[in-house]
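Encoded as structure tokens, the structure appears first; notes follow it.
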Amino acid sequence: MSSRLGDTMIEPTIEFEIANVDMNNGFPASCDTCRSRQPASGETDRQRRVEVNWKHLLHTAIESSAHGLCVFDDQSRLVIGNEQHRSLYSLASSEVSPGRPVEDVLKGRHARVVGANANGQLSHYLSAIRRGEEFQTTYELQDGSFVELDMHPMSGGGFVERHRDVTELRLAEVRAEEARQELIEKQYAIDQAVIVAITDIRGTITYANDRFCDISGYTREELVGNNHRLLKSGVHSQDIFRQMYRCLARGGVWRGELCNRAKSGQLYWVDTVITPQLGPEGKPVAYMAIRVDITARKKAEAQLCHAARHDALTGLLNRAALLESLSEWLSQTQAKQQTLVVYLLDLDGFKHVNDTLGHAAGDALLKQLSGRLISVVPETALIARLGGDEFAIVQISAGDEREETQALSVDLLQTIAIPFAIESQQATVGVSIGISIAPLHGLTAPELLYKADLALYRVKSEGRSGYHVFEDEMRSRAQDRNQLVNELRASVARGEFELHYQTICEAGSLRPRSAEALVRWRHSSRGLLYPDEFIGVAEETGLMEALGRWTLERACSDAVSWPGEIKVAVNLSPAQFRGGFLFDLIIGVLMKTGLPPHRLELEVTESMLLQDEEENLLLFRQLKNIGVSFALDDFGVGYASLGSVVAFPFDKLKVDRSFTSELPSKPASRAVVASIMTLARGLNVQVTAEGVETMEQLQFLRNQGVDFVQGYLLGRPVPSDALDLTGAPLRSGLPDASCFKK
């Protein structure tokens, strides 16, 4: 039997000799006979040769070991230590010389050892030596290496140490532990972030991680052993799953987005990667599914998609979505030979709600309106808000489209006419509806909307709050209007307009006191056009500001040559009040023309009082301070409240011609005029009556105390060079001039 010291085999006889070497004379300590007797001369030589050979053999065996070896006698003194031992600990030869006590040897070694437990290791080792017990430990040295120590006691006393360099092994263990910890951390991170499941080839779940349980709402016991169909949502078609199974059966990896159903019934979306686990024959034996929860992303995408297709205020479809859906419906109805109806709705009086109650109230009205539309319109129809107060409805006809169109239009008119309750107040609006029908009026979405818009314009031109189906003659009217807009724009740029003036006289003396400037358009082919033929178009197309600027400058320039007591009255459009430049414009015109400010009278309508009230009131006061006067035109037919009228510093109120024309025969008109006169006296302002055309009207107005009169009875509008401002008395028997236009 042999004993192993490191990787070197030492025969039992050699081990015995090592254990019993007498370090004083080289003889085995147990051989008393040999020690007592005196050897013969020949025998002594032989023994010496044996001793030399034995020592050489022992030295060779120890030095040839791949590990560090040390032998200590029964007194714990070093008998021998090899070079590998000294090299491992970087010891000097003097520190490991034979005969040194083990404490000294250990002291030299431990000077190279690092670590908080170094002293503890030394103490435990010395205790093991004293007890004659085996001992094993590992030292970490200052140079970063690791040395493993094995101590084995010998039967006759003493002990043998083996010192093995385990640096690579220890580093490998450290790397393995680090890798294990990293794997644990990654697995934890994966379990926290992704859903992991393993199923057999039949889809039965064999493994489910915590994340899978959390998101599905099932316990692991409920999942494992169940088929994955447990999570089926019903959202996807069978084609998706057939494609998945074909891919996996071929050993491929499938990826896609799936919607699953949790135990609670709630749906959740997962980005899924399914990988087959192949058996020895290359066929799938199981499937691993790794899923990432993308429910939040899907919800965000759905919200963005909804926002891109729906109006933010009402939740109805927007214009882009309507055009897209209408195009799709047209393709379907063409294939099925169905009739499709497009309704275009525009609210009447909505601007008044915004101006009087504010935009927040207007938004609230539109929200309520959308609810009413949904309640009236069939569920199968499309409803969209195109912008502002314009809406559209698209309906596939199920029978007689004319009857259906009429029935729905009447329902819409009646439903929208019901007052809206907004902030403890009531607001009322009407609706104008234009209608087009496919395929009768077109086969494309833009064409149908265009023709519905033409029908809508027809309703508005006829008095609003009604409905009309498109007719071919509307297209020619629209083309004529478009041509008029183009001609008007060019004429404004070229200044192809004239001003005619109508005198305003004192009611009692009939002497002229001012003249109102009335614009005329000298059309190249249609001759002289009156304001009612182009002012509305100018306001709708944004040309009124430029035209109004020209009118103001021309009127002031003409009035400079009139008698000094005669004022010029100029109408201002609401468009001229926007932008904040009107004060500067008027000052500039007065300075340019030389007209004194007190000779300029500005006429405004009640609609102006409803927009930017504070800014306009400031403008009024600034102009009043320099001498300009103001008249409220067409009083009684607008929307302004008496509070607004009182707040503005008007100099005159002008009674609208619609009341004057019915005097003195109609009691209601007489009552209106009497009320206006009472208000004017209370406000200390003067009153002008427009549209005076008969002596009876004049006499009634005089009796009511009206200050000024204007109308064809006193003179029709004429160019400045034909205007008579001499104050000649009114001739008796002047013919009724009601056929003339203002």
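No value in this document is a laboratory result; all are computed from the given coordinates. All figures in this text were calculated on a predicted structure; none of them were measured in a lab. When we count neighbours, we look across all protein chains shown, and the Cβ atoms used for this are built from the backbone with ideal geometry, even at glycine.
A few remarks follow.
- Dividing the Cα radius of gyration of region 368-456 by 2.2 N^0.38 Å, with N the residue count, gives 1.15.
- Restricting the GluC sites (Glu not before Pro) of region 239-303 to loop positions (DSSP other than H, G, I, E, B) with no more than 11 neighbouring Cβ atoms within 10 Å leaves E281.
- Taking Cβ atoms as reference points and 11 Å as the exclusive limit, the residues near D634 contribute a net charge of -3, counting Lys and Arg as +1 and Asp and Glu as -1.
- Value in Å of the Kirkwood radius, where region 163-305 supplies the Cα pairs that are averaged: 17.3 Å
- Helix 401-417 and the long axis of the chain differ in direction by around 90°, with both axes built from C-alpha atoms.
- For E487, net neighbour charge (Lys/Arg +1, Asp/Glu -1) across residues whose Cβ lies under 14 Å away: +2
- Where Rh is the Kirkwood radius over Cα pairs, Rg/Rh for region 316-470: 0.98
- Qualifying GluC sites (Glu not before Pro) in region 378-454, where qualification requires a DSSP coil assignment and no more than 14 other C-beta atoms within 10 Å, comprise E379, E423.
- For region 450-529, trypsin sites (Lys or Arg not before Pro) meeting the loop criterion (DSSP other than H, G, I, E, B) and having at most 15 other Cβ atoms within 10 Å: R464, R526.
- Its alpha carbons considered, the chain gives a radius of gyration followed by a Dmax of 55.3, 188 Å.
- Relative to the dominant Cα principal axis of the chain, helix 472-494 is inclined by about 90°.
- Counting only Cβ charges, +1 for Lys and Arg and -1 for Asp and Glu, the dipole size of the chain around its Cα centre is about 640 debye.
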